[in-house]
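I have placed the structure first, in the form of structure tokens, so that the comments after it can refer back to it.
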Amino acid sequence: MKAEHLEHDSFEMIGLCHVGMYARNPALLAEFYRDVMGLQVTGGSGANHPLGPSAFLSSRPDEESHEIAIFSNPELAHRAFKVGSLAALKRFYDKIVGRGIPIKFQFNHGVSFAFYFQDPEGNLIEVYWRTGLEHPQPSAQEIDLTKTEEELLEELKVLNSQMDFASLDKSPLATATTNDPAPMHA
């Protein structure tokens with residue numbers, strides 16, 4: 001591998017971490033992934049939810065809230081890439097906007113802050129930072145990633161106001177308030 005490829009990780013890209021898939025019946029497909037592949041169902045929604053029927057599954061729910069998200073709306077199918085800090089998410093957001101790529105969505109999912117855009121072939125891409133908090137999925141509160149880290153973290157606290165934030169000293173949320181641009185390693 002050439003040196004310029006090694007230095008390209010300036011946005012703390014951890015890598016591809018989950019996929020969003022389309023299914024006519026998300027609950028039925030979730031049963032397949034649970035029964036055949038051994039994944040755990042970690043969340044989901046019914047037809048009355050604004051996102052429609054969905055299911056969320058993970059093989060390691062203590063580390064990732066979901067590795068597969070299944071939606072009845074094909075427009076929500078996506079590939080999700082994780083970054084290592086809120087600062088990295090904001091820098092990556094600025095890079096995408098700076099390239100003139102339209103942002104489709106910006107969400108506080110409780111478990112993560114994320115933004116979505118399309119690649120040149122129209123595939124939906126999510127880039128997210130895991131907050132370290134537990135929050136029922138699906139959840140999608142609109143946010144503005146041009147706000148400061150402090151403002152964004154305050155919005156997260158409001159969304160999760162029932163939680164005890166003093167117990168989160170070891171979570172990524174506790175370290176996200178530093179302005180240190182040095183990479184965090186997950």
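Every number here is computed from the coordinates shown, using simple stated rules; none is lab data. Note that the structure is a prediction, hence the values are computed from the model and not measured. Glycine also receives a Cβ, built like all others from the backbone with ideal geometry; neighbour counts cover every protein chain displayed.
A few comments on the model shown:
- In order along the range 20-36, the phi-based Karplus estimate (6.51 cos²θ - 1.76 cosθ + 1.60, θ = phi - 60°) of 3J(HN,Hα) comes to x, 10, 9, 8, 4, 10, x, 5, 5, 5, 4, 4, 4, 5, 6, 6, 8 Hz; Gly and Pro are listed as x.
- Electrostatic dipole magnitude of the range 3-175 [Cβ: Lys, Arg +1; Asp, Glu -1; Cα centre; debye, to 20]: 340
- Added length on full extension, which subtracts the Cα-Cα distance from 0.36 nm per residue, residue 147 to residue 96: 16.8 nm
- Less than 5 angstrom separates the built amide H of residue 42 from those of 56, 57, 58, all sequence-distant by 5 or more or on a different chain.
- Counting charges near residue 38 (Lys, Arg +1; Asp, Glu -1) among other residues having Cβ under 14 Å from its Cβ returns a value of -1.
- Trypsin sites (Lys or Arg not before Pro) restricted to DSSP loop in the range 85-117 with at most 10 other C-beta within 10 Å: 99
- Using θ = phi - 60° in the Karplus curve 6.51 cos²θ - 1.76 cosθ + 1.60, the 3J(HN,Hα) couplings for the range 45-59 round to 8, x, 4, 7, 6, x, 8, x, x, 8, 8, 10, 9, 8, 8 Hz; x is entered for Gly and Pro.
- If you take all other residues with their beta carbon under 14 Å from the beta carbon of residue 123, and give Lys and Arg +1 and Asp and Glu -1, the sum is -2.
- Note on the range 3-175: dipole from Cβ charges, positive end direction compared against 152, 100, 20; the farthest Cα belongs to 20.
- Charged neighbours of residue 77, selected by a Cβ distance under 15 Å, balance to -2 (K, R count +1; D, E count -1).
- Gain on full stretching of the segment that runs from residue 13 to residue 32 - 0.36 nm per residue minus C-alpha separation: 3.8 nm
- A cut-off of 5 Å between modelled amide H atoms, ignoring neighbours fewer than 5 places along the same chain, links residue 78 with 20, 21.
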